[in-house]
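Trainee: Please find one structure pasted underneath; my questions will follow.
The values are calculated or read from the model by the stated rules, or taken from the named source; none is laboratory data. Everything numeric in this text was worked out from a predicted model, so none of it was measured. Cβ placement follows ideal geometry from the backbone for every residue including glycine, while neighbour counts extend to all protein chains displayed. SASA here: full protein model, heavy atoms, side chains in, ligands and nucleic acids out. Shrake-Rupley method; radii C 1.70, N 1.55, O 1.52, S 1.80 Å.
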Amino acid sequence: PAGNGNHDVKWSSLNAKIPETGSILVGATTYGSTGNDNPRYSSSNYGKRVAVSAPGDPAPSYGVALAADGSACRGDFGMTSAAAAHVAGVVALMLRANPTPTPAKIKNILKALPKGNISNLGGKKMGRFLLATTAVDEAKKK
């Protein structure tokens, strides 16, 4: 996950510069007004290092976790954590289709996806919108 601080991913929330790691950073989108656009989730971090963005609106998604007493509890699961889970699932499908691409090649495939319907509000870069079928098809070619 790129994080949920509403700032460029190259800076920490304490305004310290974060070195490039080569990670596949994932931003989050929310639902657009037309169903065809995917605006940046308001707290999603952004920047040139974000490779791909995926749905992260917590409203329709629920995670299940264990409470301290061992019972199951359900709460909102969203933002960049949910978006990263979407991307991880697609990467698993990519590797199932072709197990040979390196992490760097996977990242390059994601960064080269068609722009898709992502609204970069205020010019804040969010990478490409996750297009699962296209990503898997591209992985087959590599």
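Trainee: Answer with yes or no whether Gly47 is under 14 Å from the mean Cα position of the chain (by Cα), surrounded by 14 or more Cβ atoms within 10 Å (Cβ to Cβ) and farther than 14 Å from Lys125 by Cβ.
Mentor: Details: under 14 Å from the mean Cα position of the chain (by Cα): yes; surrounded by 14 or more Cβ atoms within 10 Å (Cβ to Cβ): yes; farther than 14 Å from Lys125 by Cβ: no.
The answer is no for Gly47.
Trainee: Picking from Ala88, Ala92, Ala139, which residue would you name as being modelled with pLDDT of 95 or more and in contact with a helix residue (DSSP H, G or I) (Cβ under 8 Å, 6 or more places away or on another chain)?
Mentor: When all the criteria are applied, what remains is Ala139.
Trainee: Can you run down the residue pairs with Cβ atoms below 8 Å, 6 or more apart or on separate chains, where the first is in segment 4-25 and without any contact (Cβ under 8 Å) to a residue 40 or more places away in the chain and the partner is open to solvent by less than 70 Å² (accessible area, probe 1.4 Å) and hydrophobic (A, V, I, L, M, F, W, C)?
Mentor: Pairs found: Lys10/Ile18; Trp11/Ile18; Ser12/Ile18; Ile18/Val9.
Trainee: When segment 121-142 is examined, which residues are found to be part of a helix (DSSP H, G or I) and not aliphatic (A, V, I, L, M)?
Mentor: Within segment 121-142, the subset part of a helix (DSSP H, G or I) is 121-123, 132-141.
Within segment 121-142, Gly122, Gly123, Thr133, Thr134, Asp137, Glu138, Lys140, Lys141 qualify.
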